[in-house]
Amino acid sequence: GGLRGTTIAGVRRFGKYVGFDTGSGWLVVSFGRNGWIRWAEPAEPIAEGDAPAEAGSVQRVARIALDDGAAMEVVERGDFLAVAAWIVDEPTDVPGVAALGPDPISDTFSRADLERALGRRRKQVKAVLQEQTSLAGIGNAYSDEILHRARIAPTVHAVALSDEERERLFHATFD
């Protein structure tokens, strides 16, 4: 069952999700705040972590074994798990992926996309940037960098941004 015996044909980013295309289904992973993928060479021992995590410990959430004995291990550090994984026919079968807004690193991202996200909202611009249904893939650190480059305070409401600030924000978001 699942994806056993399949080949990874491609990898794509969907906002804060990573999708592995096997041609007969997708493995989609959300890393939460503290998750990542660790590459394990064939000779390396399996990482510890099948027991409940202790504060600050690293635990393995999933191990994707490859034919040559190497593996990709999805791991997380912390005292609670936020990493999630789905096996689906299409990435958009994952509700969080289906709800993503436009991605600023996409070749098709436009000023109109940013304007739709900002609108005339009475919400802090930092919160709008991090809202995955408005703009895909921007988290806490990236939003701080964008706002710093644009010279905009994170607490300013989107509705209060001038045309010049909106232009700076647009360029800071994808440059």
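The values are calculated or read from the model by the stated rules, or taken from the named source; none is laboratory data. A quick note: this is a predicted structure, and the numbers were derived from the prediction, not measured. Quick reminder, even Gly has a Cβ in these numbers, built from the backbone with ideal geometry, and neighbours come from all protein chains shown. The area values use the complete protein model at the heavy-atom level, side chains included, leaving out ligands, DNA and RNA. Shrake-Rupley method; radii C 1.70, N 1.55, O 1.52, S 1.80 Å.
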Checklist line | Lys16, sole failed condition from (1) modelled with pLDDT of 85 or more; (2) of a type in the set (Lys, Arg); (3) surrounded by fewer than 17 Cβ atoms within 10 Å (Cβ to Cβ) | finding: (3)
Margin query: I'm told Val29 meets every condition in (1) within 21 Å of Phe80 (Cβ to Cβ); (2) without any contact (Cβ under 8 Å) to a residue 40 or more places away in the chain except one. Can you identify the failing condition by its number?
Written below: (2)
Notebook entry, point to check: Can you name the number of the only condition in (1) within 28 Å of Arg12 (Cβ to Cβ); (2) assigned to a helix (DSSP H, G or I) that Ser134 fails?
Noted result: (2)
Margin query: For the structure I just gave you, tell me whether Leu129 is outside any strand (DSSP E or B), among the aliphatic types (A, V, I, L, M) and crowded, with 20+ Cβ neighbours inside 10 Å.
Written below: yes
Margin query: Tell me the residue from Ala150, Ala98 that is open to solvent by less than 40 Å² (accessible area, probe 1.4 Å) and either more than 23 Å from Arg4 (Cβ to Cβ) or in contact (Cβ under 8 Å) with a residue 60 or more places away in the chain (or both), please.
Written below: Ala150
Margin query: List pairs: first residue in the stretch 73-94 and closer than 22 Å to Arg60 by Cα, second residue among the acidic types (Asp, Glu) and crowded, with 18+ Cβ neighbours inside 10 Å anywhere in the structure, Cβ distance under 8 angstrom, at least six positions apart or on different chains.
Written below: Ala82/Glu76; Val83/Glu76
